[in-house]
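The values are calculated or read from the model by the stated rules, or taken from the named source; none is laboratory data. Treat the numbers as computed from the prediction; the structure is a model and nothing was measured. Note: ideal-geometry Cβ built from the backbone for every residue, glycine included; neighbour counts use all protein chains shown.
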Amino acid sequence: MRPITSQTRICAALTVIIILLCADIAPVSAHSFPVEQRPAAGQKLAASPNSVTIRFDAPVEKLFAKMEVLDAAGKDHVVGAPEVSSNGLELSSKVASLPPGKYTVKWAVVCVDTHHTRGSYSFSIGGGGI
């Protein structure tokens, strides 16, 4: 039997490192995707909401969060800057009193791991169709 040498130990350690590097280990990353919207996508409301809120599955960076609530003519009805909840999971904007019609919510966020996500959805008030 051959004695274990430092060269053998180095080869064994390198083999373990190579196996770990080649293993199917998924990198940790996340994107912030909506899991709930208020008003909901496609919802028909009887009256104007006071705000629009989107809850995400991962925290978003407050500094880069954007939201618009656009009418059919492209006018933004958001009042003030959008707000991000203390846990980073909700983005909300106050809106002016919205007359009947169709509205498109456009949003863009940056997840805490720096991945960018954006999207849009529509809702309507009163007789406005989708």
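Just one of S124, S86, S92 is surrounded by fewer than 17 Cβ atoms within 10 Å (Cβ to Cβ) and more than 14 Å from S32 (Cβ to Cβ); which is it?
Details: S124 fails: surrounded by fewer than 17 Cβ atoms within 10 Å (Cβ to Cβ); S92 fails: surrounded by fewer than 17 Cβ atoms within 10 Å (Cβ to Cβ).
Among S124, S86, S92, only S86 is surrounded by fewer than 17 Cβ atoms within 10 Å (Cβ to Cβ) and more than 14 Å from S32 (Cβ to Cβ).
For the stretch 28-87, a residue qualifies if it is over 26 Å from T114 (Cβ atoms) and within 15 Å of the chain's Cα centre (by Cα), and exactly one does: R38. Here the condition is being within 16 Å of S124 (Cβ to Cβ) and modelled with pLDDT of 95 or more; of K94, K75, it holds for K75 alone. Residue count for the stretch 88-102 under the criterion of being of a type outside the set (G, A, S) and under 20 Å from the mean Cα position of the chain (by Cα): the result is 4.
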